[in-house]
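No value in this document is a laboratory result; all are computed from the given coordinates. Computed from a predicted model, the values in this text were never measured in an experiment. Because the Cβ atoms are built from the backbone with ideal geometry, glycine has one as well, and the counts that use them run over all protein chains shown.
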Amino acid sequence: MGKFSKKLQKLYDTAPKVDTAVLVSIIRQGQSEIETQEHLDELAFLTETLGAKTVYRFTQKMEKPDIKTFIGSGKLEEIQSYIEHFEVDMVIFDDDLSPSQMRNLENELKIKIYDRSLLILDIFLNRAQTAQAKTQVELARFQYLLPRLTRMWTHLERQRGGTSTRGGAGEKEIETDKRDIRNKISLLKEKLRDIEKQGLTQRKGRKGIVRVALVGYTNVGKSTLMNLITKTDILAENKLFATVDSTVRKVVLENVPFLLSDTVGFIRKLPTHLIESFKSTLDEIREADLLIHVVDISHPNFEDHIAVVTQTLQEIKAGDKPILLVFNKIDLVEQMPDEEGIMNMTELELEESNYLDFPSLSDAYEKKTGIKPVFMAASSGLHVEEFRHALVQEVKKAHKKIYPHYLENEVVDWEMKDLE
Ligand SMILES: Nc1nc2c(ncn2[C@@H]2O[C@H](COP(=O)(O)OP(=O)(O)OP(=O)(O)O)[C@@H](O)[C@H]2O)c(=O)[nH]1
Ligand SMILES: [Mg+2]
């Protein structure tokens, strides 16, 4: 690290320590108030994951964002007087900002500005554990920061005790910092290539065994399910992006061996360059023979989440794999009562109920995926037997498809006969 200036190191170390935040989102045409609030709920959860507290939410109806300051000048003034009055530490935007928007906003508001990418990058940075994930996130973060360096520079100036946000840093010093970052970027790229080479050899060694990957929106219970099935201890917690690395375990169920990997969760508006930076982690998904798509059925937007995951899978070219859909957290929802139960309800009760109709959901998604979904609760193990059974069936199918002439393993062969 000695090669890089102290300034840069400091800039890098001190980014995420903040307390209170206000959230800002624009409401686009055709977007409902409820939808906007739900998106802001998610942004507040992300903010909490970063370690900050949301104190207020600002919204503004706009056809398209202002090119200079993203939001309009009236709204900007409103935010300004709020943050001054309540001494807020940061402003978080639900979208990405251009370097100049970020700079302009910072000049106006004079506090730390986060956009969606920077927020997610900082969360990833806090959570990455393996060398590969760490390197990937560091790289993505530096690439994102490079064009925004003047902005970070002004932060540094203020931290040193000055209050001016303009004209503080000399052009020369900014250039030095930029050069440092560029060097760092090429070193990280090199490091990543080395790590990836190792990963490739490891993955090559896994031929001959079916590979299954857990995928899904963030915080749905993928790691909990992985733990339940493999009895290992992977960090599972009620925070977004608890898992940033992928973990692979060998599992044997009913004498059928396969590899199971836990992966980073998806989220709406996951910045494309971030997806790219996780390419090698996502290879686990791309190279899988079967995907277990875990859904948090207790989330009011679970169907949107399914759509986001489906779309992201397509973007990373893993859209045509067999999918076993798992509706998780059923302990948190109420099932639709049977016919008699419904008869006994008043019309108002029926209208206000948010019962979920499992059989219809099951049919609808079975039509889409060709595989009957499983309804379960991973944290308590409810219906884990159904899940295991469904998983084994699909692993066997995958095995037969990839290795049609595979006969050495008598156990598997015997199990297959049993199936038919
Ligand atoms: N009530 C309930 N909570 C669950 C269930 N499964 C998981 N959880 C909780 O949901 C939270 C998220 O679980 P994780 O397993 O970390 O979710 P994940 O999908 O791995 O999340 P990321 O790694 O952040 O993408 C944790 O607090 C779990 O305890 C369930 O079936 N019911
Ligand atoms: Mg996880």
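Data overview
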{"read-out": "Among the listed pairs 197/397; 239/368; 189/231; 231/329; 64/317; 269/397, those beyond 26 Å (Cα-Cα)", "value": "197/397; 239/368; 189/231; 64/317; 269/397"}
{"read-out": "Distant-in-sequence amide H partners of residue 243 (H built 1.01 Å from N, under 5 Å)", "value": "265"}
{"read-out": "Long-range amide H partners of residue 217 with built H, under 5 Å", "value": "266"}
{"read-out": "J(HN,Hα) series, the stretch 330-337, from Karplus relation 6.51 cos²θ - 1.76 cosθ + 1.60, nearest Hz, glycine and proline x", "value": "5, 5, 9, 10, 9, 7, 4, x"}
{"read-out": "Cβ-based exposure ranking for 197, 110, in which fewest neighbours within 10 Å come first", "value": "197, 110"}
{"read-out": "Contact order normalised by residue count of the stretch 206-419, Cα under 8 Å, 6+ apart, percent", "value": "22"}
{"read-out": "Inter-part distance where the stretch 319-359 and the stretch 361-396 are each reduced to a Cα centre, Å", "value": "16"}
{"read-out": "Cα-based equivalent ellipsoid of the stretch 206-419: semi-axis lengths in Å, sorted from largest, via gyration tensor", "value": "30, 23, 16"}
{"read-out": "Centroid-to-centroid separation of the stretch 29-68 and the stretch 108-138 [C-alpha atoms, Å]", "value": "19"}
{"read-out": "Amide H contacts under 5 Å for residue 95, placed H, 5+ residues apart", "value": "116"}
{"read-out": "Fewest-first sequence of 376, 90, 345 by Cβ atoms within 10 Å of each Cβ", "value": "345, 90, 376"}
{"read-out": "Karplus 3J(HN,Hα) series, Hz, for the stretch 124-131 with 6.51 cos²θ - 1.76 cosθ + 1.60 (x for Gly, Pro)", "value": "4, 4, 5, 9, 4, 10, 7, 4"}
{"read-out": "For peptides 61-68, 334-341, 262-269, 310-317, sequence by mean Cβ density within 10 Å, most packed first", "value": "262-269, 310-317, 61-68, 334-341"}
